[in-house]
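See structure below.
The values are calculated or read from the model by the stated rules, or taken from the named source; none is laboratory data. The structure presented is a predicted model; accordingly, all values stated were derived computationally and were not measured. No Cβ is skipped: glycine too gets one built from the backbone with ideal geometry, and neighbour counts run over all protein chains shown. The area values use the complete protein model at the heavy-atom level, side chains included, leaving out ligands, DNA and RNA. Shrake-Rupley method; radii C 1.70, N 1.55, O 1.52, S 1.80 Å.
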Amino acid sequence: MRARYGIPLGITAAGAAGLLYAAGFEARSFRLRRVTVPVLPSGMRPLRVLQVSDIHMVGGQRKKQRWLRSLAGLRPDFVLNTGDNLSDPEGVPEVLDALGPLMEFPGAYVFGSNDYYGPTLRNPGRYLIEKVQGRHGLNGNAQAVGVVHNPWEDLRDGFDTAGWLNLTNTRGTLKIEGTSIELTGLDDPHIKRDRYAEVSGGPSDGADFSMGVVHAPYLRALDAFTADGYPLVLAGHTHGGQLCIPFYGALVTNCDLDTDRVKGLSTHTSEGRTSYLHVSAGCGTSRYTPVRFACPPEATLLTLVGRD
C-alpha cells in the first residue's frame, strides 16, 4: 500500500499544508514596503506618499482593519488609494472606519471594478486562459451578467467628506506645505471606464510636481501617461500575482502588463519618454479566493526625492 499510495498522499498533504499557510497565515501577514523614487525637480523637498490598494474588505476582518489604522503612525505627506476597497456590499462602514485615521491626512483616490461590482466565483485557471488569449476584464470578454452592484456612492461620499480628491477621469491638486502636487486620475481600465481624452495634455505649468494615478495598469493607460510626460504613475489591481511561485514569481497580472512588473517599482517607456511605475500588490484578496502565496499583502510608503 505504501508503494502505491505513498507519493499521492504526500502530494495531497503538501498541498493541504500550502493552502493552510496561504489562507491562514500569508493572507493575513501584512507588510509595509518602503521605496525611494527620484522624480522630483531639483531643490524640492522630499515627499512621503502612502499608497494603499486592493483592500477588498469583507465584514469581520479585524486584523486588517487594525493594521490599516496603524498606518497613520507613518505620518505621510499624503495618501493615495488606488481602488478595489470592497469585496462585500456591506463593507463600506468598515472601510471608512479602517481608513479613518488616514483620512486625517491629505489624500486622493480612484476606484477599481470591485468598488462598483461585487466579485463572482470563478475558476482561477481562467486567469491563465485569459492571459494566453489576451482577454482581461471587459477588454475582450463579454459583459458580466447578474453581478452585484456595490454601494460605491457611499464610499465616494465618505472619502469626499474627509477631503480626499476624487480622481475619476479628472485632475486634482494637493497643497503640501506650499508645494503644489497635481494628480491626474483615470477610472478603471479593467472595466473600460477610463477616459484619458478628458485629462490629456500632460502636467500643468503651474504645478510643482505632477503624477498619474489609475487602478489597473493597462498598457494603454501607462502609454498615455508616459507619452504626456508624467514622471510617475501609481497603480494597483494585480495583487502582485497573488499566487506566485517561489524563485520564479507571478504567473498572471490580470491585465496586459507583463509579469516582470507585476508589483513594485519599475519603468515604462512610450513615444521616447520614460516614467517610473509603481504597482502595489495590495493588502486583500477576493472573498472567493482568500489566499496568497509568496506574495504577502502590503501597503507602500514611497519617498519621492530629487532626480539624480
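Just a few scattered comments:
- Based on every Cα atom in region 66-207, Rg and the maximum pairwise Cα distance Dmax equal 17.0, 50 Å.
- Proximal charge balance of PRO41 [Cβ under 15 Å; K/R count +1, D/E count -1]: -2
- When peptides 101-111, 57-67, 138-148, 34-44 are sorted by average Cβ neighbour count within 10 Å, with the highest value leading, the order is 101-111, 57-67, 34-44, 138-148.
- THR179 sits among other residues whose Cβ lies under 10 Å from its own Cβ, and their net charge, with Lys and Arg +1 and Asp and Glu -1, is -1.
- Residue ranges 290-302, 175-187 sort as 290-302, 175-187 when ordered by packing (mean number of other C-beta atoms within 10 Å per residue, highest first).
- Convex hull of Cα atoms in region 121-171, direction-averaged projection (nm²): 5.6 nm²
- Value of relative contact order over region 29-182, rounded to a whole percent, pairs C-alpha under 8 Å and six or more apart: 22 percent
- Per principal axis, descending, Cα span of the chain in whole Å: 76, 42, 41
- The Kirkwood radius of region 229-270, taken over pairs of alpha-carbon atoms, gives through the Stokes-Einstein law at 4 °C and 1.567 mPa s a diffusion coefficient of 115 µm² s⁻¹.
- Total formal charge among the other residues, if their Cβ is under 11 angstrom from that of ALA98, Lys/Arg +1 and Asp/Glu -1: +3
- Calculated P(r) tail over 24 Å for region 128-220, as whole % of Cα pairs: 37 percent
- Scoring 259-271, 70-82 by mean Cβ neighbours within 10 Å over their residues and listing the highest first yields 70-82, 259-271.
- A 1.4 Å probe run over region 174-308, with the rest of the protein chains in place, finds 38 Å² accessible per residue.
- The alpha-carbon atoms of region 31-127 define a convex hull whose volume equals 138 cubic angstrom per residue.
- Helix axis angle, 2-24 relative to the chain longest principal axis, alpha carbon, degrees: 30 degrees
- Taking only the alpha carbons of region 184-274, we obtain Rg and Dmax values of 13.8, 46 Å in that order.
- Helix 152-161 vs. the chain, principal-axis angle (Cα, 0 to 90°, nearest 10): 40 degrees
- Directionally averaged shadow of region 255-308, computed from the convex hull of its alpha-carbon atoms, nm²: 5.5 nm²
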